[in-house]
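The values are calculated or read from the model by the stated rules, or taken from the named source; none is laboratory data. Values in this document were obtained by computation on a predicted structure and should not be read as measured data. Every residue, glycine among them, receives a Cβ derived from its backbone with ideal geometry; neighbour counts consider all protein chains shown. Only protein heavy atoms, including side chains, enter the accessible area calculation; ligands, DNA and RNA are left aside. Shrake-Rupley method; radii C 1.70, N 1.55, O 1.52, S 1.80 Å.
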Amino acid sequence: MDYAYDDQNIFAKILRGEIPNTTVLETSHSLAFRDLYPQAPVHVLVIPKGAYVSYDHFAAEAGDAEIVDYTRAIAEVCRMEGVTLSAGEGFRMISNAGDHGVQEVPHLHVHILGGRPLGRMLAKGG
Ligand code: DGP
């Protein structure tokens, strides 16, 4: 499967330090930072440092160390932001992909949203 990666996307520029971000967590293979346009009190984006377009791209082609690091980074962000089920009231994790998923930035990211009740997952017809 061919996944074309555009290294001029905004998150690639963030990873190269070309534009600023508000970092929440950095690990060997992952970076978490606050969404520029937060849609909830907690809105953090978690990205792998590797050049992956989407979650399926990452899941199919990333190395084991990257996958473990990324998964654990997501857990750590949830803990740091106080939205885990053990210490908080939950969250929603979203990863948009492609045109139908309405993905704006073509570098894999998961949105961690929380801090308030988030409503149903999809708006009718939305
Ligand atoms: P999407 O690709 O549709 O899953 O969402 C992209 C998200 O990225 C959107 O919620 C806004 C956020 N975003 C866009 N540009 C920037 C930026 O330069 N910095 C940060 N921190 N977030 C951004």
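A cut-off of 5 Å between modelled amide H atoms, ignoring neighbours fewer than 5 places along the same chain, links residue 103 with 97, 98. Its residue count N sets the reference 2.2 N^0.38 Å, and the alpha-carbon radius of gyration of the stretch 1-76 equals 1.10 times that reference. Backbone geometry of the stretch 58-69 corresponds, through the Karplus equation with coefficients 6.51, -1.76 and 1.60 at θ = phi - 60°, to 3J(HN,Hα) couplings of 4, 4, 7, 10, 6, x, 4, 5, 5, 5, 5, 4 Hz, x marking Gly and Pro.
Taking the protein heavy atoms of the chain in the context of the full set of protein chains, the accessible area attributed to carbon and sulfur is 54 percent at 1.4 Å. Positive-end ranking of 39, 62, 103 along the dipole of the chain, with charges on Cβ about the Cα centre, is headed by 39. Charging the Cβ of each Asp and Glu at -1 and of each Lys and Arg at +1, and nothing else, the dipole of the chain about its Cα centre rounds to 600 debye. Solvent-accessible surface of the stretch 22-126, averaged per residue with a 1.4 angstrom probe and all protein chains in place: 60 square angstrom. Between residue 105 and residue 93, the modelled labels are 1.8 nm apart [label points 7 Å from Cα along Cα→Cβ]. Per-residue Karplus couplings for the stretch 90-105, computed as 6.51 cos²θ - 1.76 cosθ + 1.60 with θ equal to phi - 60°, are listed in order as x, 7, 10, 10, 10, 9, 7, 9, x, 5, 5, x, 6, 8, 8, 10 Hz, Gly and Pro entered as x. Considering only 94, 67, 19, the Gaussian network model of the chain with Cα springs below 10 Å gives its largest mean-square fluctuation to 19.
For the chain, the longest piece that avoids every one of the trypsin sites (Lys or Arg not before Pro) found in DSSP loops with at most 14 other C-beta atoms within 10 Å covers 17-119.
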